[in-house]
Structures are given as C-alpha cells and as structure tokens.
Amino acid sequence: MHPVRRKRLITIAIIVLVLSGAIGLVLYALQQNINLFYTPTQIALGDAPTGVNIRAGGMVVKGSVKRDINTLFVSFNVTDFKHTVHIEYHGILPDLFREGQGIVAQGKLLSNGTFLASQVLAKHDEKYMPPDVANALKQAKDNTPSKPYNDN
Amino acid sequence: MSWSWFHKLGSPKWFFQWSKKWAPPVFCLGVLGIVVGTAWGLAFAPKDYLQGNVFRIIYLHVPSAILAESCYLSLGIAGFVFLVWQMKMAPIFIKAMAPIGAVMAAIALFSGSIWGKPTWGTWWVWDARLTSVLVLFMLYMGIIAIQNALDDRVLADKAAAVICVVGVINLPIIKYSVVWWNTLHQPATFSFMKKPDMPEVMWMPLLICVVSFYLFVAGLVIWRMQTEILRREHRASWLKTEVVGDGI
C-alpha cells in the first residue's frame, strides 16, 4: 500500500478507535440514566429515589389487578420474578395492558413503597402470532388468563 | 473470475455506462417486490392475536429501520474509501445515498410513532432505541447539510466523509440498545442466529419487503449517482458523447 494512504488509514483508524472508546465510557457512566425504568429489584434495594418522577417497569402479576367500579382507579403489582412493586394509577390504561404483560409506569415512589403512577405504558415483545394459533395454544394450556384481541 | 468490472466502477465513465443497464431492472424489481410484500402483509397475512391489525405496521417499520442502518453503514464505508484512497465515486455515492437514508430513518421514526401510540400508549419515549435512531436521522441531516453548505467541493466531500465514518459508532449502539439497557422497545424481529418468533405466513411477506426495500434503494441510488455524475463531470468529453449517443 502506498505510504501516504497507509498513513491516512492509520490516522482514521486511530480517530475512530479513540472516539468509540470515549463514547463507550460515556455510555457506561450514564448507564443508570439511559435505562428507561427501574426494575422492582432496584426499587426493593433502595436504588430508586422517592418523591421524584421516575419510571418503574415489570410484568403485571396475574390476579393482582383491582379496578374501582365507579372511577378510573386501578391498582396492580409488577414483578421481575425476584421482587414486586405495588402500583396505583388513576387514568386510562393502554389497550395492551393485561395481566402477564410487561408495562412501564411513570410516577413517584412513595416512602411506604407504593408507586403512584401518572402514566402507564405497555411493552410488547417481538413474538407475533395469528389469533387462531393463540387460541389453540390457550386451549392447549388453558392457564393463561390473557384475553385474545377481538375487534371486528 | 476477474474483478476488473468492480474496479472499473470506480471511474465515473465506466459507472455511467454500467448504471444505464442496471438501474432500471433493479429498481423495477424492488418496486414490484414492495407492492407484492406490502399487499401480502397488509391484506392477506393474519393479524396478531394481541395487537390486532395495528401489527401490520411492521411491514413498513422493520424494512425502513433496517435500511436506515444499512444505508448508513454503506455511507461509512464510502467515507472511509474516500478518506483513504480518494476515489472519485465515493463522494458521489455519499451525495446520492444520504437523502435516501434520511428518508428511511424518518419513515422508521414516523411509523414507529404511529405503532407506539395504540400499543405502548405513547407517541414517543426517550428510551435508548428511539433516541439512538433519532441521532441517526440527525447524522444524515448533518451529512446532507455539510455537503451542500461548503462551496469548496473537495472540502465539503471530506467533511461529509468524516461525519459518515465517525457516525458508524452509532450503529452498534442502535443495534444493541435493546440488549444493553432496559427500553420500552422490544428486541429485534430478525436476527441471523435464529428464526423470527412468528409463523412463516407472517415473516415471509416481511422478508419480501426487506429484500425489495434493498433493491428499491439500490436502484434509486444508482440513478441518483448518474445525476450526480452528470452534474460533476459536465465538462468531460466522454460524457458529451455518451449523452449525445442517447439522443438527449
């Protein structure tokens, strides 16, 4: 390779390597801020601050959802299968909200450990299935309380 | 097999002649594939048990997101080639490709937003995946802006190439954002290691869409490079013969 080109190649390689290293360190240092939500374990360990706006995420525990008949109040537990957080929310839930679904709630952690949510977002996974397959699976197992989507 | 045809593509003259033959079939195949893939996906593929018909946005969202990243990777390679070997075709490619990549990133962000509202419950959330794709879009904007802003063409091409190369660092961040951090966005639909987690009737049209998006973009970029060659080499005598030969 021509020496001038070799020099340019090495210069560019060094620039890119140093920059990647710098960005990698920045991302590593900011890890806690880049994470969208606190897991129930982090909350149980006291990593999450109380009284300020944060997000908590986890799986809605089956059988834990309690709705108020007269208002939009709803309470449920979320878990990461190690610890559980109790969440209280007053508002409209997303369509995908159901027991066993992953959710992310925004709100404040109270000192008694209850999470008072101002917004609830639903997560979904990358597994897609036609309704009839889902029904067949459900009949086969029949222990999932999840309701298949039914419009039209 | 000889690689001379490949090396010849580095010269605007050879590329111009080659592109006249290849751009139309590649582009048409891409358009045909997009029509077949989206029609299959939107009308004939089954809906999702959980999300219903909203799920069908995947047939636009995933191809555009994959292309937004692939286009940037190609820009990074072209930028690198230009900075080291100073090939004439590299900045022409960057100039032709950057707006296409920007549009792909914009479609990915826009369709993702429309998908997010009914499923997640929000148009936008500052999680690692969404934010890093927004950064990708901004990088495209930066490349387009700097290549057009500087009057000195060599300097403009070099500056754009530097952004192209440096911005490649963002690609692994986008790819692994859903693995490294907890995000609202779900993990990748397609991966090289395993089959997608959906039946064939759902991923087959998606695969057709992804492949035909690639063909569509390839055809489009070859055409745009032709235009850019016409603009840059308008004084060259070979181009005059070429254009006169076409009867334009």
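Scan segment A:15-25 and give yes if some residue there is more than 10 Å from every other protein chain (Cβ to nearest Cβ), closer than 19 Å to B:Thr131 by Cα and modelled with pLDDT of 90 or more, otherwise no. There is at least one residue in segment A:15-25 that is more than 10 Å from every other protein chain (Cβ to nearest Cβ), closer than 19 Å to B:Thr131 by Cα and modelled with pLDDT of 90 or more. Taking the conditions exactly as written (farther than 20 Å from B:Pro24 by Cα, modelled with pLDDT under 90 and surrounded by 15 or more Cβ atoms within 10 Å (Cβ to Cβ)), does B:Thr241 satisfy them or not? No: the conditions fail for B:Thr241. Restricting B:Pro196, B:Pro187 to those that are in contact with a helix residue (DSSP H, G or I) (Cβ under 6 Å, 6 or more places away or on another chain), within 14 Å of chain A (Cβ to nearest Cβ) and over 30 Å from A:Leu17 (Cα atoms) reduces the list to B:Pro196. Scanning segment A:26-52 for residues that are polar (S, T, N, Q) and either in a helix (DSSP H, G or I) or in contact with a Leu (Cβ under 6 Å, 6 or more places away or on another chain) (or both), we see that the one that is nearest to the other protein chains (Cβ to nearest Cβ) is A:Gln31.
Tallying residues that are in a strand (DSSP E or B) and within 15 Å of the chain's Cα centre (by Cα) within segment A:53-85 yields 12. Within segment B:146-161, being part of a helix (DSSP H, G or I) and surrounded by 15 or more Cβ atoms within 10 Å (Cβ to Cβ) holds for B:Ile146, B:Gln147, B:Ala156, B:Asp157, B:Lys158, B:Ala159, B:Ala160, B:Ala161. You will find that of B:Leu60, B:Leu73, B:Leu29, B:Leu50, the residue that is aliphatic (A, V, I, L, M) and not in a helix (DSSP H, G or I) is B:Leu50 and no other.
In segment B:155-177, the residues that are within 11 Å of chain A (Cβ to nearest Cβ) and more than 13 Å from B:Ile143 (Cα to Cα) form no Cβ pair under 6 Å with any partner that is aromatic (Phe, Trp, Tyr) and crowded, with 20+ Cβ neighbours inside 10 Å, whether six or more places apart or across chains. Among the residues of this structure, B:Phe44 does not count as one that is within 14 Å of chain A (Cβ to nearest Cβ) and crowded, with 23+ Cβ neighbours inside 10 Å. Kindly provide the set of residues from segment B:99-132 that are buried (at least 22 other Cβ atoms within 10 Å of the Cβ), in contact (Cβ under 8 Å) with a residue 60 or more places away in the chain and within 23 Å of B:Cys164 (Cα to Cα), ordered by number. Within segment B:99-132, just B:Met104 meets the criteria. The set of residues in segment A:109-129 being farther than 14 Å from B:Val125 by Cβ and crowded, with 18+ Cβ neighbours inside 10 Å consists of A:Leu109, A:Phe115, A:Ala117, A:Tyr128, A:Met129.
Within the bounds of segment B:148-171, is there any residue that is at pLDDT 95 or above and in contact with a Cys (Cβ under 7 Å, 6 or more places away or on another chain)? Within segment B:148-171 (the criterion being at pLDDT 95 or above and in contact with a Cys (Cβ under 7 Å, 6 or more places away or on another chain)), the answer is no, since none of the residues qualifies. Reported count of residues in segment A:50-81, each being closer than 22 Å to B:Val125 by Cα and surrounded by fewer than 12 Cβ atoms within 10 Å (Cβ to Cβ), is 3.
Restricting attention to segment B:162-185, the residues being β-branched (Val, Ile, Thr) and assigned to a loop (DSSP other than H, G, I, E, B) number 3.
Residues in segment A:104-136 that are assigned to a strand (DSSP E or B) and either more than 9 Å from every other protein chain (Cβ to nearest Cβ) or among the polar types (S, T, N, Q) (or both): A:Ala105, A:Gln106, A:Gly107, A:Lys108, A:Leu109, A:Thr114, A:Phe115, A:Leu116, A:Ala117, A:Ser118, A:Gln119.
The set of residues in segment A:86-97 that are surrounded by fewer than 18 Cβ atoms within 10 Å (Cβ to Cβ) and part of a strand (DSSP E or B) comprises A:His86, A:Glu88, A:His90.
The values are calculated or read from the model by the stated rules, or taken from the named source; none is laboratory data. All figures in this text were calculated on a predicted structure; none of them were measured in a lab. In this analysis, Cβ positions are derived from the backbone assuming ideal geometry, glycine residues included, and neighbour counts consider all displayed protein chains.
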